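The values are calculated or read from the model by the stated rules, or taken from the named source; none is laboratory data. Bear in mind the structure is a predicted one, so any value in this text is a computation, not a measurement. In this analysis, Cβ positions are derived from the backbone assuming ideal geometry, glycine residues included, and neighbour counts consider all displayed protein chains. Each accessible area value is taken on the protein alone, full model and side chains, heavy atoms only, with ligands, DNA and RNA left out. Shrake-Rupley method; radii C 1.70, N 1.55, O 1.52, S 1.80 Å.
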Amino acid sequence: MELQKIESTSKALIVYCTFAGLISAMIISGLLEVIDFASGTPSGTFFVVIGLSLGFNDPTSAQYVGMGLHTLTGTVAGNIFGQVALFWKKLIPYNVKTGVYLGLVLGVSLWAVLFAPLATFGIQPKLDTLMITETSPYASSIANHFAGLYYFVLGASLLFHLVYGAVFGLLAGRMTGVKLSTRKLMDAATIE
């Protein structure tokens, strides 16, 4: 019966995980905007930093590129999780509780494998360079704003990745659980 459950949800699982990744990334993007508002930094500062570190010196372009990549990364992470779960059955979020647990593992994994190395070896060195070279006043002011905050950003980003994972797991677990419950009811109705 368990194998039948997995087979009937295989295509849906990838869709659910992809959608959960997209929604979770958008929620985190919204929380980052709230942080910008509360801290008094310009709206989209986090996304501008991503864009600046990739060489987009125009603030508007940098912000759009950063937000697009952030959302795309969260969506692709959800999709990859769903695909891996099809091959490693222990990763299938059958319900909300399992989903949240697995989502937290995903969040920490994304932080450790993707964010921490990118921040350490890509973004922080670029910010340090922008402070010294002053290619544009806006880029320099953003870089100066983050001077000395590397460890704080690293720690806070772990919390954001945990929120991403919890929301991802909640959504993926709920959608998969509803699909399995519906399938079970349909199978029971067919037997009668």
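In segment 158-176, of all residues being among the β-branched types (Val, Ile, Thr) and within 12 Å of the chain's Cα centre (by Cα), the one that is surrounded by the most Cβ atoms within 10 Å (Cβ to Cβ) corresponds to VAL167.
What are the residues in segment 144-160 that are part of a helix (DSSP H, G or I) and touching a residue at least 60 places away in the same chain (Cβ under 8 Å), if any? Steps first, answer last, please.
We begin by selecting, within segment 144-160, every residue part of a helix (DSSP H, G or I); these are 144-145, 150-160.
Of everything in segment 144-160, those that are part of a helix (DSSP H, G or I) and touching a residue at least 60 places away in the same chain (Cβ under 8 Å) turn out to be HIS145, PHE160.
Every residue, every condition in (1) farther than 27 Å from GLY155 by Cβ; (2) in contact with a Pro (Cβ under 8 Å, 6 or more places away or on another chain), yes or no:
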{"residue": "SER24", "(1), (2)": "no, no"}
{"residue": "LEU32", "(1), (2)": "no, no"}
{"residue": "THR41", "(1), (2)": "no, no"}
{"residue": "THR73", "(1), (2)": "no, no"}
{"residue": "THR98", "(1), (2)": "yes, no"}
{"residue": "LEU102", "(1), (2)": "no, yes"}
{"residue": "PRO117", "(1), (2)": "no, no"}
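Only one entry in GLY99, GLY155, GLY148 is buried (at least 17 other Cβ atoms within 10 Å of the Cβ) and either at pLDDT below 90 or not aliphatic (A, V, I, L, M) (or both), namely GLY99.
Looking for something open to solvent by 40 Å² or more (accessible area, probe 1.4 Å), of a type in the set (Ser, Thr, Tyr) and within 29 Å of PRO137 (Cα to Cα) - is there at least one such residue anywhere in segment 61-72? Yes, some residue in segment 61-72 is open to solvent by 40 Å² or more (accessible area, probe 1.4 Å), of a type in the set (Ser, Thr, Tyr) and within 29 Å of PRO137 (Cα to Cα). Does segment 47-56 include one or more residues that are touching a residue at least 40 places away in the same chain (Cβ under 8 Å), small (Gly, Ala, Ser) and within 19 Å of LEU127 (Cα to Cα)? So far as segment 47-56 goes, yes, one or more of its residues are touching a residue at least 40 places away in the same chain (Cβ under 8 Å), small (Gly, Ala, Ser) and within 19 Å of LEU127 (Cα to Cα). Out of segment 1-38, which residues are open to solvent by less than 20 Å² (accessible area, probe 1.4 Å), within 20 Å of LYS89 (Cα to Cα) and at pLDDT 90 or above? CYS17, ALA20, GLY21, listed by residue number.
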